[in-house]
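Visitor: Can you keep this structure in mind? I'll have questions shortly.
The values are calculated or read from the model by the stated rules, or taken from the named source; none is laboratory data. Predicted, not measured: the structure shown is a model, and the values here were computed from it. Here the Cβ positions follow ideal geometry from the backbone for every residue, glycine too, while neighbour counts run over all protein chains shown. Areas reflect the complete protein model, heavy atoms only, side chains present, ligands, DNA and RNA absent. Shrake-Rupley method; radii C 1.70, N 1.55, O 1.52, S 1.80 Å.
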Amino acid sequence: MSTIPAYAAPSAGAPLAPTTITRRAVRGADVRIAIKYSGVCHTDVVQTSDGWGKGLYPMVPGHEITGLVVETGPDATRYAVGDRVGVGTYIDSCRTCEACEAGLEVYCLNGCTSTYNAVDRDGETTQGGYSGEIVVDERYVVRIPDSLPLDAAAPLLCAGITTYSPLAHWKVGPGTRIAVLGMGGLGHVAVQLAHAMGAEVTVLSRTLGKKDDGLRLGADHYYATEDPATFEELAGSFDIVLCTVSGALHFDRYLGLLKLDGTLVNVGAPDEDITMNNWALIPARRSYAASSAGGMPEIQEMLDFCGAHGITAQIETVRVQDVNDAFARLERSQVRYRFVIDMASLEA
């Protein structure tokens with residue numbers, strides 16, 4: 001067991017502050033990772049404010065982790081000291097259920113163990129990436145391709161896989177017309193991924209304020225949803241609408257943008273209930289679906305795809321001492337497009 005520096009929320013809604021936490025000694029197939037970068041996800045803001053229920057405090061957020069292996073357990077075979085690796089939104093699962101055996105650990109029928117704000121199978125509270133090190137079984141660790149910088153790759157462990165997984169599942173590729181709803185932390189990665197897959201990509205954003213960015217990242221078209229004419233012009237246009245917006249929306253008019261047999265896939269996690277009318281689905285046999293982050297094999301597949309196509313998040317690097325300001329700016333949508341903490345600042 002080792003004691004390491006970290007930043008934690010001491011209670012719900014409280015500013016994050018420096019602290020120390022303990023990590024277990026390396027055992028079995030564990031790897032110990034020196035954390036170099038940790039992405040700041042909107043989920044971190046939500047969970048440290050009890051947005052999804054009462055949290056476990058003190059809480060160290062962070063589930064977009066990149067770093068270097070510094071120690072391996074006696075049964076570890078996948079990684080060696082010095083390897084560039086990442087850890088995403090979960091760090092364990094039951095390993096024996098149908099989902100786990102299919103490599104879909106995120107859908108574990110007995111519940112996967114979140115990287116932070118959860119109770120691990122050994123009874124310990126999990127603590128995340130706003131810290132100096134983490135110890136994880138190698139099954140739940142992925143390799144970062146050499147072509148991807150560790151800082152800009154960090155958000156791919158959440159934003160990347162959360163958008164890649166539904167694109168792959170619904171077979172987005174050449175001939176697919178896809179609309180990405182929202183040009184934020186997830187949306188700007190989704191645009192790059194869908195473009196690299198060969199799809200015709202349209203961004204639907206509230207305004208045209210990020211149009212230049214969207215087109216630069218691979219969008220073919222860009223429309224403002226605050227303009228009612230958008231919904232008239234694009235009615236019945238898309239095979240897939242990928243919603244990356246966290247807020248609760250009235251989805252009827254977005255469902256109207258789908259073709260026959262089209263699907264709206266929501267990867268947002270709104271606090272409030274969504275609303276829709278079934279008659280927005282029936283006339284064109286449309287579907288509404290949702291998707292989580294992928295299983296471990298798919299996360300590695302996503303990273304390899306991003307490495308091959310040069311896809312990273314657009315980031316602003318911050319010191320850990322400035323994380324509360326980053327949270328506040330994230331709430332005001334004042335980042336293009338993801339904050340990443342340089343964890344070397346822990347030693348400052």
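Visitor: Considering only residues of the range 6-51 that are acidic (Asp, Glu) and farther than 21 Å from residue 340 by Cα, which is modelled with the lowest pLDDT? I'd like the intermediate steps shown before the answer.
Guide: As a first pass, look at the range 6-51 and keep what is acidic (Asp, Glu): 30, 44, 50.
Filter again for farther than 21 Å from residue 340 by Cα, leaving 30, 50.
Numbers: 30: 98, 50: 93.
Looking at the filtered set, the residue picked out is 50.
Visitor: Pairs only if they're at least six apart or on different chains, beta carbon under 7 angstrom, first in the range 287-300 and within 12 Å of residue 142 (Cα to Cα), second in a loop (DSSP other than H, G, I, E, B) and open to solvent by 10 Å² or more (accessible area, probe 1.4 Å); list them, first residue then second.
Guide: Pairs that qualify, where the first residue is within 12 Å of residue 142 (Cα to Cα) and the partner is in a loop (DSSP other than H, G, I, E, B) and open to solvent by 10 Å² or more (accessible area, probe 1.4 Å), are 295/103; 295/104; 296/103; 297/103.
Visitor: Here's another thing I want to ask about it. May I ask you to list the residues in the range 302-336 that are under 15 Å from residue 190 (Cα atoms), open to solvent by 80 Å² or more (accessible area, probe 1.4 Å) and not basic (Lys, Arg)?
Guide: Correct list: 309 only.
Visitor: Exactly one of these conditions fails for residue 280: (1) closer than 25 Å to residue 224 by Cβ; (2) surrounded by fewer than 17 Cβ atoms within 10 Å (Cβ to Cβ). Give me its number.
Guide: With respect to (1) closer than 25 Å to residue 224 by Cβ; (2) surrounded by fewer than 17 Cβ atoms within 10 Å (Cβ to Cβ), residue 280 is out only on (2).
Visitor: Name the residue, out of 74, 58, that is over 20 Å from the mean Cα position of the chain (by Cα), surrounded by 16 or more Cβ atoms within 10 Å (Cβ to Cβ), over 26 Å from residue 313 (Cα atoms) and at pLDDT 95 or above.
Guide: On the way: 74 fails: surrounded by 16 or more Cβ atoms within 10 Å (Cβ to Cβ).
From the options 74, 58, the qualifying one is 58.
Visitor: For the range 18-28, what are the residues that are in a loop (DSSP other than H, G, I, E, B) and open to solvent by 40 Å² or more (accessible area, probe 1.4 Å)?
Guide: Kept after step one, since they are in a loop (DSSP other than H, G, I, E, B), are these residues of the range 18-28: 24-28.
Those that are in a loop (DSSP other than H, G, I, E, B) and open to solvent by 40 Å² or more (accessible area, probe 1.4 Å): 24, 25, 27.
Visitor: Can you name the residue in the range 5-17 that is surrounded by fewer than 16 Cβ atoms within 10 Å (Cβ to Cβ) and over 13 Å from residue 327 (Cβ atoms) and is also nearest to the chain's Cα centre (by Cα) among such residues? Spell out how you get there, then give the answer.
Guide: Initial filter on the range 5-17 (surrounded by fewer than 16 Cβ atoms within 10 Å (Cβ to Cβ)): 10-15, 17.
Right, trim to over 13 Å from residue 327 (Cβ atoms) and you get 10-12.
Working: 10: 24, 11: 24, 12: 22 Å.
For the range 5-17, the residue satisfying everything is 12.
Visitor: Here is a check on your reading of the model: is residue 98 modelled with pLDDT of 95 or more, more than 18 Å from the chain's Cα centre (by Cα) and exposed (fewer than 15 other Cβ atoms within 10 Å of the Cβ)? Break it down into steps so the answer makes sense when it comes.
Guide: Values: modelled with pLDDT of 95 or more: yes; more than 18 Å from the chain's Cα centre (by Cα): yes; exposed (fewer than 15 other Cβ atoms within 10 Å of the Cβ): yes.
Yes, satisfied.
Visitor: Going by the conditions given, is residue 141 closer than 24 Å to residue 74 by Cα, open to solvent by less than 70 Å² (accessible area, probe 1.4 Å), of a type in the set (A, V, I, L, M) and within 17 Å of the chain's Cα centre (by Cα)? Even if it seems obvious, please write down each step before you answer.
Guide: Values: closer than 24 Å to residue 74 by Cα: yes; open to solvent by less than 70 Å² (accessible area, probe 1.4 Å): yes; of a type in the set (A, V, I, L, M): yes; within 17 Å of the chain's Cα centre (by Cα): yes.
Yes.
For (1) charged (D, E, K, R); (2) at pLDDT 95 or above; (3) open to solvent by 10 Å² or more (accessible area, probe 1.4 Å), each residue gets a yes or a no:
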{"residue": "53", "(1), (2), (3)": "no, no, yes"}
{"residue": "83", "(1), (2), (3)": "yes, yes, yes"}
{"residue": "117", "(1), (2), (3)": "no, yes, yes"}
{"residue": "125", "(1), (2), (3)": "no, yes, yes"}
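Visitor: What number of residues within the range 162-174 satisfy the criterion of being touching a residue at least 24 places away in the same chain (Cβ under 8 Å), open to solvent by 30 Å² or more (accessible area, probe 1.4 Å) and part of a loop (DSSP other than H, G, I, E, B)?
Guide: Filtering the range 162-174 down to residues touching a residue at least 24 places away in the same chain (Cβ under 8 Å) leaves 162-170, 172-174.
Narrowing the set further to residues that are open to solvent by 30 Å² or more (accessible area, probe 1.4 Å) leaves 168-170, 174.
Checking which are part of a loop (DSSP other than H, G, I, E, B) leaves us with 170, 174.
Residues in the range 162-174 being touching a residue at least 24 places away in the same chain (Cβ under 8 Å), open to solvent by 30 Å² or more (accessible area, probe 1.4 Å) and part of a loop (DSSP other than H, G, I, E, B): 2 in total.
Visitor: Could you give every pair whose Cβ atoms fall below 7 Å, whose first residue belongs to the range 197-212 and is at positive phi, and whose second residue is in a loop (DSSP other than H, G, I, E, B), counting only separations of at least 6 or pairs across chains?
Guide: 198/173; 198/174
Visitor: Yes or no: the range 104-112 includes at least one residue that is surrounded by fewer than 20 Cβ atoms within 10 Å (Cβ to Cβ), modelled with pLDDT of 95 or more and in contact with a strand residue (DSSP E or B) (Cβ under 7 Å, 6 or more places away or on another chain). First the steps, then the outcome.
Guide: Applying the first criterion (surrounded by fewer than 20 Cβ atoms within 10 Å (Cβ to Cβ)) to the range 104-112 yields 107, 109-111.
Restricting the remaining residues to those that are modelled with pLDDT of 95 or more gives 107, 109-111.
Checking the rest, the ones that are also in contact with a strand residue (DSSP E or B) (Cβ under 7 Å, 6 or more places away or on another chain) come to none.
The answer is no, given that none of the residues of the range 104-112 is surrounded by fewer than 20 Cβ atoms within 10 Å (Cβ to Cβ), modelled with pLDDT of 95 or more and in contact with a strand residue (DSSP E or B) (Cβ under 7 Å, 6 or more places away or on another chain).
Visitor: Hey, among 260, 249, which residue is at negative phi and more than 23 Å from the chain's Cα centre (by Cα)?
Guide: Numbers: 249 fails: more than 23 Å from the chain's Cα centre (by Cα).
So the residue among 260, 249 that is at negative phi and more than 23 Å from the chain's Cα centre (by Cα) is 260.
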